[in-house]
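Colleague: Dropping a structure here in structure tokens format, bear with me for questions.
The values are calculated or read from the model by the stated rules, or taken from the named source; none is laboratory data. No experiment lies behind these values; they were computed from the predicted model shown. As a convention, Cβ positions derive from the backbone with ideal geometry for all residues, glycine included, and neighbour counts pool all protein chains shown.
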């Protein structure tokens, strides 16, 4: 392949940017990223979600998630007018390939994306017998896969069903909030590809983050607030039937 | 992976996390705790009638305790990392703390008590046996063959002290197993402050029933007569404790039904469908109500010795089955429903895999193999001595009773 | 008399030896960074962060494909990041010459977002593709970077035309 001058001009900045990411490396070796300066969460704007499944596919590709397991997934709710306590919910293949059309009766239909809530008082890290899962100083719940026993106690303790055992590594696995991306200044894979902005990564310690304006002007909710887990994934426009 | 699902499960919930091996684990620890508490009846509470089972109960507890961690170990995704539980235990984890409770119970209570109790036998055997067995007994004496009256008296007092500590330890051991489940707030089937208490009482029930059965079987195998006074007493205790256990379980049930919180509808449906056989039929009707009724009859009616023995044997078997079903319903039942309360999954038990039925059966047989070795090594029989020739009519306990400190 | 408690002293010695062995083993085996930030291996944070990325991020794409950005600015798809449709392309960004993005099947791709579904928000542009195009590829009529059809046919941007 011949390299023309025009092509080289295109290549050089790309290479420079790529090299920047290579150099950035791990957060500890990167002077740009200081653990204590961040406190990560996410905003989910339910009225914006179109259930396209891009986030589920992107997550699986970015994080090598095995088939049949989900670090993030989408649920479709159908709530009949008179049955708010008994919604009909489905999530075929986690919503990875989107949802087939549904035109069922009265009531309302909507999508709810789910992922790890990166709880401050996380029940999963509380029960880990060895300290193989933990909340980082910047507020992300991670798994140390070289230390995890695979006892599955954390999977039982998560009220949201966000954890699973990876059949290849036999260790617990979950959403890392794309920790390898956010520590390099990128957004998560799911937020990157979300076409409508229904998912927004939020750095709660950054005063310039748009999350603060959003929280001031909207009424947001977390999943299962009665579990008192200190969830940091905030849902805007969430119906009372969501569980 | 084709697991039948009814309604909606969160996608990661479809696969069950804890298999039949985790059912075995509370079942086996329960037998340990129960057997020990039966043993301590004689020692601390001076219930002389149950004396024939004292040493057998201790050895039973030990053989089951040695097997208790195996189902956990086999179930781990990385068994080779299990030592981390002791190296970097997480203080807020019930499971990590259980490791220490287990170790305390094994090393500081059970082994110590057995050693002190059998020390006289060990020292005598180290002097009377030969070759390999002699070496084993010599090692067990720790190089001290002092069996002076004063030293045995010290052992006796220390043993008493350890048993006194042992009772709360046994409660702790099995209460902790209950806490492992009862402290999971995400799971309404488990989350209950009554869980540890129900576990303790059901443990006592299963342990006492198991030792009672073992006593009957071993005595028959040795061609001796069953001490019916002892058996009556054990059955009486079994009856009382079973009543408490059943009341507690019903209290838990009543509370759940009456409170009817957000999970109730989902759990109620589960009990009426997927758990109907194992919970209502096997656990409650066959495994609890029937043995309680049978044992109650022996308390009220004046039955013949032979009839009582048969009833005790039947009630004992049903009890052990009932308690096993209870562990099954707690562990497996707690994973069949979705935490969204909108659906149910299915447990498909494998057969010849690492966590399959075959492994479970092997793990249930293993304690009996260990027990048979222990019984050879340290005969627990109060009437130890040469077995009489078959057919000989045997007056009881006439041969060299082993000295006890 | 010491002689009568000798066996207990020996037992205590055995237990003490076991305890010391445990403490020594623990000191030797526990990873060095354990406890650096809390009850876990501190180095694990850096290990998780060291994973290579698969999605390059739209800033990286836009550094080269400025012409596509200009075109996207003219339509509603300006809010989409490139990899929402084109897929993970960090490997392409690392090595633009040898790794080229695959050609997309617009009949499948566009439908994921635009196929009518009662659960989608009303404001989201939706069609029943069977009625709307009869299975025809969407880019027969629409230019994906600037989807609105107007009288002036859109010209293809330079970096895309070469494919």
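Colleague: Filter the range A:79-101 for residues that are without any contact (Cβ under 8 Å) to a residue 40 or more places away in the chain, away from chain B (no Cβ under 11 Å) and surrounded by 14 or more Cβ atoms within 10 Å (Cβ to Cβ) and give the result.
Modeller: A:80
Colleague: With respect to residue B:69, determine if the residue is under 30 Å from residue C:27 (Cβ atoms) and free of Cβ contacts under 8 Å to residues at least 12 places away in the same chain. It would help to see each step written out before you state the result.
Modeller: Details: under 30 Å from residue C:27 (Cβ atoms): yes; free of Cβ contacts under 8 Å to residues at least 12 places away in the same chain: no.
Criteria not met by residue B:69.
Residues checked against (1) in contact with a strand residue (DSSP E or B) (Cβ under 9 Å, 6 or more places away or on another chain); (2) in a loop (DSSP other than H, G, I, E, B); (3) buried (at least 18 other Cβ atoms within 10 Å of the Cβ):
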{"position": "B:121", "(1), (2), (3)": "no, no, yes"}
{"position": "B:125", "(1), (2), (3)": "no, no, yes"}
{"position": "B:139", "(1), (2), (3)": "no, no, no"}
{"position": "B:143", "(1), (2), (3)": "no, yes, no"}
{"position": "B:150", "(1), (2), (3)": "no, no, no"}
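Colleague: Which residues, taken from the range A:40-71, are surrounded by 19 or more Cβ atoms within 10 Å (Cβ to Cβ) and more than 14 Å from chain C (Cβ to nearest Cβ)?
Modeller: Passing the criteria: A:41, A:42, A:43, A:69, A:70.
Colleague: Scan the range A:173-185 and give yes if some residue there is under 29 Å from residue A:154 (Cα atoms), out of contact with any strand residue (DSSP E or B) (no Cβ under 9 Å at 6 or more places or on another chain) and part of a loop (DSSP other than H, G, I, E, B), otherwise no.
Modeller: There is at least one residue in the range A:173-185 that is under 29 Å from residue A:154 (Cα atoms), out of contact with any strand residue (DSSP E or B) (no Cβ under 9 Å at 6 or more places or on another chain) and part of a loop (DSSP other than H, G, I, E, B).
Colleague: Give just the number: which of (1) under 24 Å from residue B:39 (Cβ atoms); (2) within 14 Å of another protein chain (Cβ to nearest Cβ); (3) surrounded by 19 or more Cβ atoms within 10 Å (Cβ to Cβ) does residue B:183 not satisfy?
Modeller: (1) is the only condition that residue B:183 fails.
Colleague: Separate question: Yes or no: residue A:30 closer than 22 Å to residue A:209 by Cβ and either modelled with pLDDT under 95 or crowded, with 19+ Cβ neighbours inside 10 Å (or both)? Steps first, answer last, please.
Modeller: Details: closer than 22 Å to residue A:209 by Cβ: yes; either modelled with pLDDT under 95 or crowded, with 19+ Cβ neighbours inside 10 Å (or both): yes.
Against the criterion (closer than 22 Å to residue A:209 by Cβ and either modelled with pLDDT under 95 or crowded, with 19+ Cβ neighbours inside 10 Å (or both)), residue A:30 qualifies.
Colleague: Right, something else. If a residue must be at pLDDT 90 or above and either touching a strand residue (DSSP E or B) at 6+ places or on another chain (Cβ under 9 Å) or under 17 Å from residue A:98 (Cβ atoms) (or both), how many such residues does the range C:133-163 contain?
Modeller: 1
Colleague: Could I ask something else about it? Exactly one of these conditions fails for residue B:96: (1) part of a helix (DSSP H, G or I); (2) within 30 Å of residue B:230 (Cα to Cα). Give me its number.
Modeller: (2)
Colleague: Being within 7 Å of another protein chain (Cβ to nearest Cβ), within 18 Å of residue A:155 (Cα to Cα) and touching a helix residue (DSSP H, G or I) at 6+ places or on another chain (Cβ under 7 Å) is the filter here, so list the residues in the range B:76-93 that pass it.
Modeller: Selection gives B:82, B:85, B:90, B:92, B:93.
Colleague: Restricting to the range B:133-146, name every residue that is at the interface with chain C (Cβ under 9 Å from one of its Cβ atoms) and either more than 29 Å from the chain's Cα centre (by Cα) or farther than 26 Å from residue B:40 by Cα (or both). Step through it out loud before you land on a result.
Modeller: To start, the set of residues in the range B:133-146 that are at the interface with chain C (Cβ under 9 Å from one of its Cβ atoms) comprises B:141-146.
Selection gives B:142, B:143, B:144, B:145, B:146.
Colleague: Further question on the same structure: Taking the range A:146-172 only, how many residues are in a helix (DSSP H, G or I) and either more than 7 Å from chain B (Cβ to nearest Cβ) or modelled with pLDDT under 95 (or both)?
Modeller: Looking only at the range A:146-172, we keep the residues that are in a helix (DSSP H, G or I), and these are A:153-157.
Checking the rest, the ones that are also either more than 7 Å from chain B (Cβ to nearest Cβ) or modelled with pLDDT under 95 (or both) come to A:154.
Residues in the range A:146-172 being in a helix (DSSP H, G or I) and either more than 7 Å from chain B (Cβ to nearest Cβ) or modelled with pLDDT under 95 (or both): 1 in total.
Colleague: Could you say whether any residue in the range C:129-144 is at the interface with chain A (Cβ under 7 Å from one of its Cβ atoms), surrounded by 19 or more Cβ atoms within 10 Å (Cβ to Cβ) and not in a loop (DSSP other than H, G, I, E, B)?
Modeller: no
Colleague: Before we move on, is residue A:154 more than 21 Å from residue B:92 (Cβ to Cβ) and either touching a residue at least 12 places away in the same chain (Cβ under 8 Å) or out of contact with any helix residue (DSSP H, G or I) (no Cβ under 9 Å at 6 or more places or on another chain) (or both)? Lay out the reasoning, then the answer.
Modeller: On the way: more than 21 Å from residue B:92 (Cβ to Cβ): no; either touching a residue at least 12 places away in the same chain (Cβ under 8 Å) or out of contact with any helix residue (DSSP H, G or I) (no Cβ under 9 Å at 6 or more places or on another chain) (or both): yes.
The answer is no for residue A:154.
Colleague: When you scan the range C:1-79 for helices (runs of 4 or more DSSP H) that lie fully inside it, which ones turn up with 1 or more residues that are over 43 Å from the mean Cα position of the chain (by Cα) and within 30 Å of residue A:131 (Cβ to Cβ)?
Modeller: On the way: elements: C:6-29, C:43-49, C:58-64, C:66-72.
Passing ranges, in order: C:6-29.
Colleague: Looking at (1) in contact with a helix residue (DSSP H, G or I) (Cβ under 7 Å, 6 or more places away or on another chain); (2) within 14 Å of chain A (Cβ to nearest Cβ); (3) at pLDDT below 95, which is the one condition that is false for residue B:352?
Modeller: The failed condition is (2).
Colleague: Among the residues of the range C:27-45, write down those that are facing chain A (nearest Cβ under 7 Å), more than 15 Å from residue B:89 (Cβ to Cβ) and buried (at least 19 other Cβ atoms within 10 Å of the Cβ).
Modeller: C:44, C:45 - these are the residues of the range C:27-45 that are facing chain A (nearest Cβ under 7 Å), more than 15 Å from residue B:89 (Cβ to Cβ) and buried (at least 19 other Cβ atoms within 10 Å of the Cβ).
Colleague: I'd like the full set of residues that are more than 15 Å from the chain's Cα centre (by Cα) and under 22 Å from residue A:159 (Cβ atoms), limited to the range A:195-218. Can you show your working first?
Modeller: If we filter the range A:195-218 for residues that are more than 15 Å from the chain's Cα centre (by Cα), which is where we start, we get A:195-196, A:204-218.
The answer is A:204, and nothing else.
Colleague: Among what's in the range C:112-127 and is more than 8 Å from every other protein chain (Cβ to nearest Cβ) and under 18 Å from residue A:97 (Cβ atoms), pick the residue that is surrounded by the most Cβ atoms within 10 Å (Cβ to Cβ). Explain how you work it out, then say what you get.
Modeller: Initial filter on the range C:112-127 (more than 8 Å from every other protein chain (Cβ to nearest Cβ)): C:114, C:122-123, C:125-127.
Keeping just the survivors that are under 18 Å from residue A:97 (Cβ atoms) gives C:114, C:126.
Values: C:114: 21, C:126: 19.
If we take residues in the range C:112-127 being more than 8 Å from every other protein chain (Cβ to nearest Cβ) and under 18 Å from residue A:97 (Cβ atoms), then C:114 is surrounded by the most Cβ atoms within 10 Å (Cβ to Cβ).
Colleague: Could you list all residues from the range C:94-120 that are in contact with a strand residue (DSSP E or B) (Cβ under 7 Å, 6 or more places away or on another chain) and assigned to a helix (DSSP H, G or I)? Quick ask: steps written out before the conclusion?
Modeller: Looking only at the range C:94-120, we keep the residues that are in contact with a strand residue (DSSP E or B) (Cβ under 7 Å, 6 or more places away or on another chain), and these are C:114, C:116, C:118-119.
Within the range C:94-120, C:114 is the sole residue that qualifies.
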